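Novice: Can you read through this structure? Questions will come right after.
The values are calculated or read from the model by the stated rules, or taken from the named source; none is laboratory data. Remember, it's a predicted structure, so these values are computed and weren't measured experimentally. Cβ placement follows ideal geometry from the backbone for every residue including glycine, while neighbour counts extend to all protein chains displayed.
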Amino acid sequence: MHRKLWLLFVLLLLSVQGCSAETDETTDDEEDVGETVDPLTVGPTWKMATLIFTHLDTDYVSGGVKHHAKTAMGAAMIDDVKGYADQAKTEWSKWNNGRANATMDKIVVSEAIRSLTKTDDAGHYWVAPEDVAAQLDKYAPPGKYDSLFVVWNPASANPDIPICCAYGFGPRAATNGATYAAVPTAFKGGEAYVHEWLHGAGQFYRSHGLDVPDPHENRTFGYLSGAPVTGSWSAWYKALMRGALLRGGTVVGYQSSVWRSGTPRKWIGGSYPAQGKPTLVQPAIRQAETQGNWVYLEWNPVTKTSHYEAILTIRKPDGSHGASVSKYEEPGIDRGNFDYLYFTKASLCDAAHRSGSVDLSAVRIGLQLWPDKQIALASNMNVSGTFDCR
């Protein structure tokens, strides 16, 4: 969203956001997450809708080349998406443990998506609300829904449209007052939907002054990664959605009082001083170098986020930029008090061959790194060493 996930993530990673219904059954509904409030007082019902856009017909640019994408969803894919939407509603209710209810309409949209929006300078695309404004007005006019999920298929023969992640944010005029998330069909299972909903709902509640952490603040509260067996962040989501977190000795998260305060359609909790999103800082890069068949990146952790955007760009002899390779994901954190990522030599050599006017015997690379989606906080460094890509 503006922060995504997966995210997982955000981006969650595909493996984190794409847990199946069978995988979720391995989690314990009754596990003790240190709940701080009685779940029996239920807040207002969240009205949700998943808009399934079965067709896409638009131009886009990748690697400096203009392409045309024309994609469609078959009946099996549409059924799968409907199942993921239902699963999201089930998981959402399970993880908040009775503090709020939800409904989920599933709307198949036959009108094609005619435009896409870039999410970053690396050339990733998503379906912004402005890209489907007419359909939102038709199927989800102001006041009808609290949360919207737009599902689209980026798979194309020309080639696949580059995406970084699922992407979600809070209510605004362009979303007709609902939280909004765009979820590519590559994200399977309900967890990706819940993750992006948490981005949007968190922004909504924070705008009313309530301390509701973003789903990428997991490490701030001691939740380092998904469970190794299930690939799910359900333990973190349960703690967040049940108000089982402490910040400076104060209970934060989706307590019953937060749920009862209202939804985007109907705010009933009063007025509070506005509170902004978590403040992030520019990452301090410790190391960026070629190591055998890899580029290794290492930096000091940025608190209040778990995901980073890392972009490696081919440097041409004249100083201009060639093609790029990027990642948006949770870094490695197991080697010490620093974060790290690897990129493969093969991916960089592929970018070098696509760049033109590059000395393939000594390919030079530049790095940009920023926390979550905060491109204004990008750190820059030239990667030490070169690759022989002949």
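Novice: Given the structure, is SER115 among the polar types (S, T, N, Q) and within 26 Å of VAL252 (Cα to Cα)?
Specialist: Considered against the rule, which asks whether it is among the polar types (S, T, N, Q) and within 26 Å of VAL252 (Cα to Cα), SER115 comes out as no.
Novice: Still on this structure, please answer the following. Filter segment 170-203 for residues that are touching a strand residue (DSSP E or B) at 6+ places or on another chain (Cβ under 9 Å), hydrophobic (A, V, I, L, M, F, W, C) and surrounded by fewer than 24 Cβ atoms within 10 Å (Cβ to Cβ) and give the result.
Specialist: ALA174 - this is the single residue of segment 170-203 that is touching a strand residue (DSSP E or B) at 6+ places or on another chain (Cβ under 9 Å), hydrophobic (A, V, I, L, M, F, W, C) and surrounded by fewer than 24 Cβ atoms within 10 Å (Cβ to Cβ).
Novice: Does segment 58-87 hold any residues that are of a type outside the set (Val, Ile, Thr) and in a helix (DSSP H, G or I), and which are they?
Specialist: Initially, segment 58-87 is screened for residues of a type outside the set (Val, Ile, Thr), giving 59-60, 62-64, 66-70, 72-77, 79-80, 82-87.
Across segment 58-87, the qualifying residues are ALA75, ALA76, MET77, ASP79, ASP80, LYS82, GLY83, TYR84, ALA85, ASP86, GLN87.
Novice: Conditions: (1) surrounded by 24 or more Cβ atoms within 10 Å (Cβ to Cβ); (2) at pLDDT below 90. TYR223 meets all but one. Number of the miss?
Specialist: (1) is the only condition that TYR223 fails.
Novice: Hey, among GLY177, GLY190, GLY202, GLY168, which residue is farther than 22 Å from GLY83 by Cα and within 14 Å of the chain's Cα centre (by Cα)? Explain how you work it out, then say what you get.
Specialist: Working: GLY177 fails: within 14 Å of the chain's Cα centre (by Cα); GLY190 fails: farther than 22 Å from GLY83 by Cα; GLY168 fails: farther than 22 Å from GLY83 by Cα.
Testing whether each residue is farther than 22 Å from GLY83 by Cα and within 14 Å of the chain's Cα centre (by Cα) leaves just GLY202.
Novice: With of a type outside the set (A, V, I, L, M), in contact with a strand residue (DSSP E or B) (Cβ under 6 Å, 6 or more places away or on another chain) and within 30 Å of ALA192 (Cβ to Cβ) as the only criterion, which of LYS373, LYS316, LYS304, LYS345 stands out?
Specialist: Of LYS373, LYS316, LYS304, LYS345, the one residue that is of a type outside the set (A, V, I, L, M), in contact with a strand residue (DSSP E or B) (Cβ under 6 Å, 6 or more places away or on another chain) and within 30 Å of ALA192 (Cβ to Cβ) is LYS373.
Novice: Further question: If a residue has to be part of a strand (DSSP E or B), of a type outside the set (A, V, I, L, M, F, W, C) and crowded, with 21+ Cβ neighbours inside 10 Å to count, how many in segment 345-373 make the cut?
Specialist: Residues in segment 345-373 being part of a strand (DSSP E or B), of a type outside the set (A, V, I, L, M, F, W, C) and crowded, with 21+ Cβ neighbours inside 10 Å: 1 in total.
Novice: Hey, can you tell me all the residues within segment 88-129 that are over 21 Å from the mean Cα position of the chain (by Cα) and assigned to a loop (DSSP other than H, G, I, E, B)?
Specialist: ASN97, GLY98, ARG99, ALA100, ASN101, SER110, GLU111, ALA112, ARG114
Novice: Would you point out which residue out of GLY253, GLY209 is over 13 Å from the mean Cα position of the chain (by Cα) and modelled with pLDDT of 90 or more?
Specialist: GLY253
Novice: Condition test on VAL358, is it at pLDDT 95 or above and touching a helix residue (DSSP H, G or I) at 6+ places or on another chain (Cβ under 7 Å)?
Specialist: No.
Novice: While we're looking at this one, here's another question. Collect the residues in segment 334-344 that are surrounded by fewer than 19 Cβ atoms within 10 Å (Cβ to Cβ) and within 16 Å of TRP294 (Cα to Cα), keeping them in residue-number order. Give the steps one after another, and end with the answer.
Specialist: Taking segment 334-344 as the starting set, the residues that turn out to be surrounded by fewer than 19 Cβ atoms within 10 Å (Cβ to Cβ) are 334-338, 340, 342, 344.
If the condition is that a residue be surrounded by fewer than 19 Cβ atoms within 10 Å (Cβ to Cβ) and within 16 Å of TRP294 (Cα to Cα), then TYR340, TYR342, THR344 are the ones that fit.
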